[in-house]
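What follows is one structure encoded as structure tokens, with my remarks underneath.
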Amino acid sequence: GDERFAHAAFYQAEAILPHAIDCEGGIAFAGPAHYRLCNDFGMGGSGIGVFLDRLQNRRRRLLMLDELLEPSPTPAA
């Protein structure tokens, strides 16, 4: 992919990581209202973990079918 998107993602990761809360088993993140821990995929630690893993390891998006959007080879005529 385009490196400018990777740079933007690293910028977002730098903004997210200071909000990590140390817990017994690792780190957690507060939910949208910031008054309790949230582990859901959409706005909580699960989604942030997937984002950070994808960023660090350059994986495809979890639960997405990106490979279906890639151009297919032109069939021989």
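The values are calculated or read from the model by the stated rules, or taken from the named source; none is laboratory data. As the structure is a computational prediction, the values presented were derived from the model and not from experiment. As a convention, Cβ positions derive from the backbone with ideal geometry for all residues, glycine included, and neighbour counts pool all protein chains shown.
Of all residues in the stretch 38-54, how many are touching a Gly at 6+ places or on another chain (Cβ under 8 Å) and more than 14 Å from ALA20 (Cα to Cα)?
Keep residues of the stretch 38-54 that are touching a Gly at 6+ places or on another chain (Cβ under 8 Å), which gives 38-41, 43-44.
From what's left, more than 14 Å from ALA20 (Cα to Cα): 40-41.
The qualifying residues number 2.
Looking at ALA30, ALA6, just one residue is exposed (fewer than 13 other Cβ atoms within 10 Å of the Cβ) and touching a helix residue (DSSP H, G or I) at 6+ places or on another chain (Cβ under 8 Å), and that residue is ALA6.
A quick yes/no check of all residues on (1) farther than 16 Å from GLN12 by Cβ; (2) touching a Phe, Trp or Tyr at 6+ places or on another chain (Cβ under 9 Å); (3) touching a residue at least 12 places away in the same chain (Cβ under 8 Å):
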position	(1), (2), (3)
TYR35	yes, no, no
PHE41	yes, no, no
GLY45	no, yes, yes
ASP53	no, no, no
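Residues in the stretch 14-61 that are closer than 20 Å to GLU3 by Cα and touching an Asp or Glu at 6+ places or on another chain (Cβ under 9 Å): ARG59, ARG60. Looking across the stretch 55-69, not a single residue is free of Cβ contacts under 8 Å to residues at least 24 places away in the same chain, in contact with a helix residue (DSSP H, G or I) (Cβ under 8 Å, 6 or more places away or on another chain) and within 15 Å of ILE16 (Cα to Cα).
For the stretch 27-46, a tally of residues being in contact with a Cys (Cβ under 6 Å, 6 or more places away or on another chain) and of a type in the set (Ser, Thr, Tyr) returns 0. With respect to the conditions (1) within 12 Å of the chain's Cα centre (by Cα); (2) in a strand (DSSP E or B); (3) of a type outside the set (A, V, I, L, M, F, W, C), ASP22 lacks only one, and its number is (1).
Only one of the numbered conditions (1) at pLDDT below 85; (2) touching a Gly at 6+ places or on another chain (Cβ under 9 Å); (3) of a type in the set (Phe, Trp, Tyr) is violated by PHE29, and that is (1).
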